[in-house]
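To keep things clear, I will list the structure first and then write my remarks on it.
The values are calculated or read from the model by the stated rules, or taken from the named source; none is laboratory data. Fair warning: this is a prediction, and the values are worked out from it, not measured in the lab. FYI the Cβ positions are ideal-geometry reconstructions off the backbone, even for glycines, and counts take in every protein chain you see.
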Amino acid sequence: MPALLHGIRVLDFGRYIAGPYCAALLAEYGADVIRIEKRDGSEDRFPTPVGGGAGALFLQMNRNKRSMTLDPASPEGRKVVERMVKRADVVIANLPQATLNSMGLDYATLCSYKPDVIFVTNTAFGAVGPMHRNVGFDSVAQAMCGSVYMTGEPEQPYRATAPWVDFGTALHCAFGTMAALMERQKTGKGQMVTGALLATALTVNNAALIEQALIKPDRIPTRNRGQTAAPSDIYKARDGWVLVAVTGQPLYARWAKLMGEPHWLTDARFVDDEARGRHGEIISERMGRWCAERSCDEAIKILGEAKIPCAQVLSPQQALDHPQVQALGILQDTDYPGLPMPAPVAAVPIWMTETQPVERRRPPLLGEHTDQILGEFGYSSAEIAALREQSVI
């Protein structure tokens with residue numbers, strides 16, 4: 001049975017995460033994704049090098065894709081883009097508008113090549129507003145949505161090291177791409193799908209913004225301790241750290257009994273989540289004393305059996321080694337030339353009973369499929385050699 005997106009061709013001009021991960025999700029379900037890079041390699045190929053001339057992020061973003069090199073801003077390169085777009089379904093390019101214009105990848109130009117093309121792009125700040133021409137990364141959007149302000153401590157805010165804004169934007173764009181493909185099936189019309197890092201960050205942190213707008217609590221950060229329920233904090237055990245997150249009366253009742261504090265169930269200070277959040281220091285102190293007497297394994301076992309949400313704070317190596325992580329099978333061994341061992345590249349983290357991802361293929365070497373791809377678009381060996389001689393590919 002053909003893969004879900006078999007027959008869908010995607011031209012991926014993306015960089016880093018927001019564009020390439022959107023394309024990777026489509027590739028996982030059978031789309032023919034062609035990653036188009038600069039002749040000397042795109043800037044996102046090399047950060048966090050792990051061997052073989054590629055970085056860790058690139059390995060994750062570009063599995064199941066083919067790679068070709070191209071200078072799309074050159075006159076001959078623009079002709080190559082035109083020919084490819086005419087036979088593509090989706091073009092992905094998370095690049096500034098000025099760059100898109102200079103490369104002939106703006107929506108108007110793409111539509112002149114193929115009126116029903118689906119163009120997927122995103123920016124840092126959106127298409128309007130005083131900052132719409134500015135560029136930015138994940139951490140910039142984190143800073144502007146209120147999340148960084150509330151993370152850490154009053155004297156020192158912290159950003160999240162995991163790029164959740166980039167991934168969230170990629171997921172939204174992948175959703176938009178699938179919706180656009182469905183719309184085209186119904187109407188025959190293509191469209192432009194646009195995301196923005198700041199819009200994603202505001203969406204994820206929306207509840208905090210709603211609360212501030214409506215009741216003005218003017219919260220300040222309290223390190224790892226939650227402010228709207230308790231216990232919700234990270235606690236020191238004998239051999240590490242344990243996170244505990246209790247929200248709602250049933251969970252709190254189980255926790256209070258486990259702590260030997262059943263009278264706290266009738267204590268007015270702890271009558272509901274909001275009250276417990278206000279008095280979280282008292283509850284966290286009690287939870288902290290309990291954890292300090294136990295190892296992480298002991299604490300997790302007891303709390304888990306009591307159906308209280310908890311987890312050990314794991315280092316990256318501990319995460320790789322954890323039996324629950326291994327049982328999920330989400331990290332799939334992926335070969336790449338020059339690596340000391342297969343890379344544990346994450347699969348799409350959803351399971352469907354009918355629709356399955358395609359078999360994993362390793363990320364491509366730089367320009368590995370250039371000749372093959374151009375041949376599929378009608379270029380002869382002599383024409384490909386001429387493009388190479390002209391430094392177009």
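The set of residues in segment 226-245 being of a type in the set (D, E, K, R) and surrounded by fewer than 17 Cβ atoms within 10 Å (Cβ to Cβ) consists of Lys236, Arg238, Asp239. Just one residue in the set Ile393, Ile384, Ile282 is in contact with a Lys or Arg (Cβ under 8 Å, 6 or more places away or on another chain), modelled with pLDDT of 95 or more and part of a helix (DSSP H, G or I); that residue is Ile282. In segment 376-389, the residues that are within 14 Å of Met84 (Cα to Cα) form no Cβ pair under 9 Å with any partner that is at pLDDT below 95, whether six or more places apart or across chains.
Screening segment 299-332 for residues that are touching a residue at least 12 places away in the same chain (Cβ under 8 Å) and assigned to a helix (DSSP H, G or I) and picking the one that is surrounded by the most Cβ atoms within 10 Å (Cβ to Cβ) gives Ala299. A single member of Gly152, Gly168 is at pLDDT below 95, closer than 16 Å to Asn205 by Cβ and not hydrophobic (A, V, I, L, M, F, W, C), and it is Gly152. Quick one: is Pro250 outside the structural domain of Pro157 (by TED's automatic domain parsing), in a loop (DSSP other than H, G, I, E, B), surrounded by fewer than 15 Cβ atoms within 10 Å (Cβ to Cβ) and of a type outside the set (Phe, Trp, Tyr)? Answer is no for this residue. One residue stands out among those in segment 97-112 that are crowded, with 16+ Cβ neighbours inside 10 Å and aliphatic (A, V, I, L, M): the one that is farthest from Glu82 (Cα to Cα), which is Leu100. All told, Leu57 falls short of being part of a helix (DSSP H, G or I) and in contact with a helix residue (DSSP H, G or I) (Cβ under 6 Å, 6 or more places away or on another chain). Of the set (1) in a loop (DSSP other than H, G, I, E, B); (2) without any contact (Cβ under 8 Å) to a residue 60 or more places away in the chain; (3) surrounded by fewer than 16 Cβ atoms within 10 Å (Cβ to Cβ); (4) within 25 Å of the chain's Cα centre (by Cα), all apply to Pro130 but (4).
The set of residues from segment 193-247 being among the charged types (D, E, K, R) and either part of a helix (DSSP H, G or I) or more than 26 Å from the chain's Cα centre (by Cα) (or both) comprises Glu211, Lys216, Asp218, Arg219, Lys236, Arg238, Asp239.
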